[in-house]
Each structure stands twice: as C-alpha cells, then as structure tokens.
Amino acid sequence: MSKDYFVAIIKYGGNTHSISQALGRIGVKSAVIQSPHDTKLNFATHIILPGVGAAPSAMRQLQVSGLNQFLVGAISSNIPILGICLGMQLLFESSSEGGVQTRGLGVFSGHISKLKTSSVHKVPNVGWRTLSMKNSTKMFDHVPEPYEFFFINAFGSVFEEQHFVTSVTQHSVSICASVELKRTLGVQFHPELSGENGLQFLSNFIFGS
Amino acid sequence: MKRVIPIVLIAQGRVVLSRNFARHSIQGDPNQILSRLLAWDSDEVIILDISRNDRVKNFRDDLKLKPDFNTGSSLTDLTRLSSKLTMTPLSVGGKISNLTQIEELLSSGADRVIINSSFSTNRKFCVDAIKEFGGSTIIASVDYKFYKDDFKVFIRNGTECTNTNLVTYCKYVSDLGVSEVLANSIDRDGLGKGFDIEVINKLVSHLQTPIIACGGAGKDSDFIEVLQIEGISGAAAANIFHFKENSMYLLKRNLFESGLPVRKPRIRD
C-alpha cells in the first residue's frame, strides 16, 4: 500500500504525547492540531480526539478555536474519527462533568455521567479491564480474548441496548467501552496505554477504515 | 482486574534497592534492568528517582546513559529509554515540583506522573498540574510511618514528618482529583515481611480513589494476601523483582492460578 496515512490529533488540553507515540509505533505520522486553519488538516486521513482533560473546558476550547465546526463537517463527510476516553464522551449528546451540563457533538445518543462507587469499584476506574462484545465490529479483529484494555475514567455512558454499542465493560454498572456509527468511533479505554492490544486496535482503525 | 506493578528505584542514575528509605544498594545498569522488567508484560511500570542530592558526580561511565546528573535529567533519559522499550503504561516521578518537569516527562514518553512532597509543600502547583494535564495523568505517592501513636505522612524521601494522619492526607489528595494513590509503608520498605494489610484495608474502605499498596513484598503469597483486599487497585514492589529469574511471570502465574482477577500471564518471545 502506498497510501500516506496522517492523523490529526485534536488538542483541547492535556497530554497528547502517549497517543502520538503509539501511532509512531505502527508507523503512522500524526500532528497535534489546535486550529481549524492549520494547513496540516488538509492532509489528515484520520482524526483522533484524545482522552485527556475535562468535558467543559475541552468543549469550550473546541468552540473558541472553531474546531467543533470542523469536526461536525468531518463527521458528515465520513472522515474516520476516533474519540478516546473524554474524546468519546464529547461525541455523545451531553456530559455532566464538573457539575454543569456540557453539550457534546451528539453523534451518539445518550448522556455522560459520573461513575458510581461500590465497595469493589472505585472512581476513577483505573486499570486493565476486559470487554464483552455487543454489536459486531471489525475494530477488535486479531485482538485476543478476553479483550484486555487499560481504562482511566471517572465518567462514562451507562450501557443501554443501542445499535451503536460494540462492547461494554463492567464497573458498578455496565458502561459503554466502544461505540461506532459509520466511520465515527469512540472508545472509553485508552488504546495508547493498552500494549499490543491497543496497537492492534489502532491499526484496525487506521488501516481498516 | 488488579495490577502488579514493578517499581524501579533510581538514585544518581543507578538502579538501587531500598530499605526503610535509608539504605540503598546499587543494582546496576538501569538499561538492562528496565529491558528485563518491561519484557515481562508487567501491568504497569513505575520509575521513581529517589536521589538525595541535587548534584551528584557520575562515577559510572559504563552506564552509557550520558545524563548530566543535575536534578531530573536522568529521570527524563530513563523515561525516554523505557518508553521505547515498552507499550505498558509508564508512570514516573521523583522531585516533581513544576509544570515544566511534567511536560518534559510526558513528552519523553511517560503516561502518568507521580507527585509526592509537593502535595504537602505546594498545593497550588498540584492543583495547577491536575488542571493542566488532567487528574488522570497524576498519581499521588504517599509515604507513611507509625510515629507518635499514629500513622503519619512523611515527605522528602521519608525525612520530614507532615504531622498529618494518613487517612486525612489521602482524602486530601483524592479530593484534588488524582487518578490513584500509591501508599507506601516506610516501616516495611525493603524488609520483605509482607504488605501492611491492616492499613491498606482501612485506606481502601475510607477512600473512593483507587489505592496501590506498596512496601513489604517478600514472597508471592504477600501479593495474594494484599490483592485479596476488596476494592484494591494494585500492589507495587521494587526489590523482590531483582533477585529471581522470571520473577514477574512466575508471580503473575501464581496470582492467576490462585483465582485473583489479574491479567492472564503470557510469555513473550
């Protein structure tokens, strides 16, 4: 294949190094983008919304920079987009992080709320978790069962039977671990922290979509 | 699933063993030791720089690390080296006191940064760090010891008592929004007599934030005992992994076979 893959990592605060490094491992170039006028966006074959920061400030930064309009356009023109952790949450309708209601990009119907603790389940939800597969997807091809991925999240989307949910993981309740609608994907886990499973997932996203 | 986390202690650019935070013996080249630990499919790796002096001469040409041994620089080099060797989550810390250091470590390949003394000495910096990089990027390391009838938190490599009760202190760092608390018993450090089950139990039941237990691991059954605590996030240790061939794999197989919720151990080629 001669195609040049190039990933735009949208910056709205936080650490974007882990994800660029993971992409580097699978031989994919990327750039951190903070403005819709960045000319590098013209070459982007894929877009990643990284998993760092908090919903209210991330959404505000996207609005201030105008990147939210760019993302809405990119979604409707079917450019493959992957939202990781907070990035996934921004693709839902709304989030109550930080005690305020923040409107998201609304690709996936549903609301992001704070996880509830139990004697066994702490918040944030940190560590390796297994996934249970729901609606079919190619994004976990060649990832061995039991689908171990690394999570760090204090918020999440409580699982409801929806056609776009491709996997769930267990906290005090079942939460969405991955969602997919056309070429827009969201994962609650961090593929960039998930070793070989994470690299396989990223490869599936880049080379398979 | 619960994690087993090897900690690599670095002093003056060398891997060391520690005992009660006081005695440190050199284990050798961090390069080789890190390669070995990282090849073992650890759940996460922690590198802590516990160097005592800010400026130390480098007597070891054989380390091939070429760090200048001023504060922090060797940790950055080791972070860069480690992140090239592994895809495991990498958490690093040691004398973290400003945002530039954190930025530098993250850009060198750290996934999370561990802060200890600054939670006591510079609350504003910690709040700023959590705001800037996200709470999910920050781990609070809390060293404690039984002192004057109570478990008190100590800072600056265990040399200075904060006079704050352990549970109170852990609640304070949790409320600031850190992703996890690494609770380290100074009394048990390096003795290999088992984890501080009673105190860890208390912390886990009092806190909503995940707790990683550290200090005292001497044999595999110590890990089994501490990881049986309901709601514990993981157990960390340093010395135990240096003495036995394949120690991480064998430990994880032991834990897996005893029915604990851990990742299935794999042997890498």
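The values are calculated or read from the model by the stated rules, or taken from the named source; none is laboratory data. Given the structure is predicted, the values throughout are model-derived calculations rather than measurements. Backbone-built Cβ (ideal geometry, glycine too); neighbour counts: all protein chains shown. Protein only, heavy atoms only, side chains kept; ligands, DNA and RNA dropped before computing areas. Shrake-Rupley method; radii C 1.70, N 1.55, O 1.52, S 1.80 Å.
List of remarks:
- Amide hydrogen neighbours beyond the local backbone of B:ASN163, cut-off 5 Å, H modeled: B:VAL153
- Note on chain B: with neighbouring protein chains present and a 1.4 Å probe, carbon and sulfur make up 46 percent of its accessible heavy-atom surface.
- For segment B:3-257, a simple Cβ point-charge model (Lys and Arg +1, Asp and Glu -1, everything else neutral) yields a dipole of about 560 debye relative to the Cα centre.
- Cα extents for the protein assembly as shown along the principal axes, largest to smallest and rounded to whole angstrom: 63, 48, 45.
- Protein-protein interface of segment B:76-109, residues with accessible area decrease of at least 50 Å², isolated chain reference, 1.4 Å probe: B:MET87, B:PRO89
- Sorting the segments B:127-134, B:208-215, A:135-142 by their mean number of nearby beta carbons within 10 angstrom, highest to lowest, gives B:208-215, B:127-134, A:135-142.
- Overall size of chain A from C-alpha positions, given as principal axis extents largest first: 49, 39, 30 Å.
- Relative contact order (%) - criterion: Cα under 8 Å, at least six apart; region: segment B:3-257: 17
- Rounded to whole Å, the principal axis extents of the Cα atoms in chain B read 46, 45, 33, largest first.
- Residue-normalised accessible area of the protein assembly as shown, expressed per residue, 1.4 Å probe, Å²: 41
- Each residue of segment B:13-26 is assigned a 3J(HN,Hα), and the resulting list reads x, 10, 6, 10, 9, 10, 9, 6, 6, 10, 9, 10, 10, 6 Hz, derived from the Karplus form 6.51 cos²θ - 1.76 cosθ + 1.60 (θ = phi - 60°), x at Gly and Pro.
- Rule-of-thumb Rg ratio for segment A:45-165 [Cα; 2.2 N^0.38 Å; N residues]: 1.11
- The gain in end-to-end length when the A:SER174 to A:LYS138 segment is fully stretched comes to 10.8 nm, 0.36 nm per residue minus the alpha carbon separation.
- For the chain pair B and A, the buried solvent-accessible surface (1.4 Å probe, both sides summed) amounts to about 2500 Å².
- Shielding of peptide B:134-145 by partners, expressed as the average count of other chain Cβ atoms within 10 Å per residue Cβ, is 3.
- Amide H within-cut-off set for B:GLY218, under 5 Å, with H built and near neighbours excluded: B:GLY194
- Dmax and Rg, reported as Rg then Dmax, of segment B:115-269 (C-alpha, Å): 16.1, 51
- Selection from B:THR137, B:ALA110, B:GLN12, by position along the positive dipole direction of segment B:3-257 (Cβ): B:GLN12
- Of the residues making up segment A:124-173, those losing 20 Å² or more of accessible area when the isolated chain is joined by the remaining protein chains, with a 1.4 Å probe, are A:PRO124, A:VAL126, A:TRP128, A:ARG129, A:GLU148, A:PHE150, A:ILE152.
- With the helix formula -39500 (n - 2.57) applied to DSSP H stretches of n ≥ 4, chain B reaches a computed 222 nm mean residue ellipticity of -9500 deg cm²/dmol.
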